[in-house]
1. Select from segment 396-415 the residues that are farther than 21 Å from D359 by Cα, hydrophobic (A, V, I, L, M, F, W, C) and not in a loop (DSSP other than H, G, I, E, B) and list them in ascending order.
2. Quick check, is L107 modelled with pLDDT of 85 or more, touching a Leu at 6+ places or on another chain (Cβ under 9 Å) and of a type in the set (A, V, I, L, M)?
3. When only residues in segment 501-526 that are of a type in the set (V, I, T) and within 26 Å of the chain's Cα centre (by Cα) count, which is surrounded by the most Cβ atoms within 10 Å (Cβ to Cβ)?
4. Any idea which of (1) over 36 Å from the mean Cα position of the chain (by Cα); (2) in a helix (DSSP H, G or I) is the one A195 doesn't satisfy?
5. For I365, all conditions in the list (1) open to solvent by less than 20 Å² (accessible area, probe 1.4 Å); (2) closer than 20 Å to S442 by Cβ hold save one; what is the number of the exception?
6. For the subset of segment 595-612 comprising residues that are more than 30 Å from the chain's Cα centre (by Cα) and in contact (Cβ under 8 Å) with a residue 40 or more places away in the chain, which member is least open to solvent (accessible area, probe 1.4 Å)?
7. Just the residues that are of a type in the set (S, T, Y) and under 20 Å from A415 (Cβ atoms), please, taken from segment 504-541.
8. Which of the residues spanning segment 416-429 are more than 11 Å from V352 (Cβ to Cβ) and part of a helix (DSSP H, G or I)?
Amino acid sequence: IAGSAGTFGMSRASRMAQDLQLHLERTSLAERHALMPVFAALDSLLKELTPQPDTDAAGDPEPSFARPTMLIAHADPALATRISIAARARNWDTRWAGDLVSVRGELAQTPPDVLLLDLDLDDGTGAAVFREAARSDPPVPTIALIRDDDFLDRVEASRAGATSFVNAALAPEHIVAAVACTVARPDTQRGRLLAVDDDPVLLEHLRELFKGSALDITTVSNPLRFWDKLRDTQPDLVLLDVDMPSVTGLELCRLIRADSQWAELPVLVLTGTVHPTNVASLFAAGADDYIAKPVVGPELVARINNRLERVRLHRRMVDTDPLTGLRTRSAFESAYEALTARAPQVDQPVSVASIDIDDFRRINIEHGYALGDEVIQRLAALLRASFHGEDLVGRWAGKEFVVAMLGLGRDDGVARIAGVLEAFRMEAFGSGGDLPIRATFSAAVAEHGADGADLHGLQRALGRTMGATKHVGGDRVLPVGWDPERDPCVTDVLLVEDDEALATVLQHALTTRGLRGRHIDDGKEALRLLTGSDRLTARVIVLDVDLPGLNGLDVLARLGSEGVLNRSRVIMMTAHAGEADVLAALRLGAFDHVAKPFSLPVLVQRIRRALAGS
């Protein structure tokens with residue numbers, strides 16, 4: 001108890017057991033009856049349904065990440081709750097107000113990042129709410145929930161200052177997706193403009209016009225160099241002069257529209273003639289808009305910024321999965337190319353994980369598609385919270401997700417995804433039933449380069465390993481290359497421990513990470529198995545000191561004399577952290593030492609370190 005209780009978070013019970021052990025060692029048999037009340041207290045403590053976490057041993061708190069807040073102003077609390085669930089799946093915080101008085105109070109006290117306002121709440125002061133949201137510091141975007149036939153309400157809301165509108169008949173997740181697209185923070189990447197004109201004075205004017213803006217401008221004075229610059233700069237918008245030597249702007253525009261890679265690239269045309277026939281030819285060539293010469297600076301800047309904002313909005317809608325808010329498959333593939341191009345520059349590996357929710361069809365059939373969507377959204381939120389920085393998370397298709405991790409090799413990627421799986425197992429779904437509904441997932445992890453030269457090659461390797469994952473029961477994370485037909489006389493980890501509860505938990509943690517483990521609860525049996533004629537080879541042996549049959553230190557000594565330590569690494573576990581115990585274990589050949597109570601993730605990490613060198 002002294003050793004294992006702390007591992008399960010019951011630090012008070014562990015300390016009480018340690019005190020009892022000391023008293024038992026120092027008192028006679030006749031005096032031990034006085035300890036019965038302490039035993040009773042320890043028994044009561046161990047039967048508590050919710051163990052207390054070990055706050056004394058807690059490390060630094062997890063870093064917190066600011067989340068945007070949505071104020072949902074709606075008279076229907078049930079619908080507001082469903083919208084709130086969909087918003088939280090996208091990592092939004094939410095508040096609810098059931099009337100305009102409450103809305104105005106919320107705006108005055110703690111302005112949200114966005115206000116979602118049902119126009120049916122309007123009691124004659126709705127316009128004032130829009131104005132107050134616009135006057136907040138910073139201004140609060142207001143998204144109005146409207147019905148298709150409420151045209152006049154739409155006009156009045158627009159006049160009052162509504163930022164945009166969302167159809168109230170949409171499903172909650174689509175409402176939230178529309179809100180997220182509308183109020184998405186500005187892209188961190190700068191916009192890119194490619195300007196082509198044979199007039200160097202105009203090009204210099206354009207460079208001066210956009211100096212200091214969030215737009216990188218590349219100018220080309222020779223239209224014959226246009227195609228090379230187009231490929232090199234990958235612009236967000238092209239500005240073409242119509243009248244140029246060698247190749248006209250209209251011809252360049254037709255070339256752009258004829259190439260599938262650039263067919264949707266916005267093109268603005270500069271023209272000195274705005275005769276209706278000429279304008280018609282501009283649009284026939286595929287131009288999105290035109291600007292008459294001489295160029296007026298503010299008009300040009302406004303038109304370019306307006307067109308780029310439409311491009312960004314379109315990309316957000318195309319690149320974002322509406323149910324989860326994660327990257328779509330195409331967006332993930334594009335971002336992955338950029339990530340793997342950067343990885344060699346910073347000398348970092350990249351690992352990729354494929355994730356598939358187990359028994360998802362059964363969840364949909366037995367509990368309904370709404371709960372299936374909840375499972376998908378909850379896993380998406382967990383993945384989003386678990387990966388930050390340059391990591392990539394996407395929804396591949398249906399119940400499948402994909403994660404790219406910069407700076408992690410294959411084995412480290414397995415450990416990261418296994419942590420997510422353990423957290424996902426704890427999630428409870430559904431409400432109103434007798435028992436909560438649980439879900440798990442299967443995952444495979446590959447390393448870029450070692451397991452595939454590109455994402456498609458990695459996906460093929462991941463698919464083969466995912467098949468093996470499902471074949472052995474799912475609910476685990478396996479590295480690419482995991483072999484189900486390995487020698488049964490070889491195991492990754494042999495756990496020699498007489499605490500069945502602790503052994504069960506550790507075995508589960510090893511299985512989750514695709515490691516093969518065996519458990520023995522007797523020292524003599526462990527020695528026989530490791531040194532007999534049909535001996536078991538264990539890459540790592542986790543060996544408890546206090547064992548029945550034969551003391552763990554004696555087992556370690558015999559393993560050394562029999563040559564087992566030449567092929568296995570031993571991690572000793574003791575209920576004491578005394579220097580003498582540690583030194584005794586290390587002198588006998590132990591690779592590492594762990595004192596009980598210990599953190600299970602720490603022990604797993606030490607096992608992984610031992611396996612890496614075995």
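1. Residues of segment 396-415 that are farther than 21 Å from D359 by Cα, as a first pass: 404-415.
Restricting the remaining residues to those that are hydrophobic (A, V, I, L, M, F, W, C) gives 404-406, 408, 414-415.
Selection gives A404, M405, L406, V414, A415.
2. Numbers: modelled with pLDDT of 85 or more: no; touching a Leu at 6+ places or on another chain (Cβ under 9 Å): yes; of a type in the set (A, V, I, L, M): yes.
Against the criterion (modelled with pLDDT of 85 or more, touching a Leu at 6+ places or on another chain (Cβ under 9 Å) and of a type in the set (A, V, I, L, M)), L107 does not qualify.
3. In the first step, residues of segment 501-526 are kept if they are of a type in the set (V, I, T); the result is 504-505, 511-512, 520.
Within this subset, residues satisfying the condition of being within 26 Å of the chain's Cα centre (by Cα) are 505, 511-512.
Working: V505: 15, T511: 17, T512: 23.
By that ranking, first place goes to T512.
4. (2)
5. Only one criterion in (1) open to solvent by less than 20 Å² (accessible area, probe 1.4 Å); (2) closer than 20 Å to S442 by Cβ is unmet by I365, namely (1).
6. Within segment 595-612, the subset more than 30 Å from the chain's Cα centre (by Cα) is 595-597.
Now restrict to residues that are in contact (Cβ under 8 Å) with a residue 40 or more places away in the chain: 596-597.
On the way: K596: 23, P597: 52 Å².
It comes out as K596.
7. Filtering segment 504-541 down to residues of a type in the set (S, T, Y) leaves 504, 511-512, 531, 533, 537.
Listed by number, the residues that qualify are T511, T512.
8. Applying the first criterion (more than 11 Å from V352 (Cβ to Cβ)) to segment 416-429 yields 416, 418-429.
Hits for segment 416-429 are R416, A418, G419, V420, L421, E422, A423, F424, R425.
The values are calculated or read from the model by the stated rules, or taken from the named source; none is laboratory data. On a predicted model such as this, the values are computed, not experimentally measured, just so you know. So basically every Cβ, Gly included, is an ideal-geometry build from the backbone, and we count neighbours across all protein chains shown. Only protein heavy atoms, including side chains, enter the accessible area calculation; ligands, DNA and RNA are left aside. Shrake-Rupley method; radii C 1.70, N 1.55, O 1.52, S 1.80 Å.
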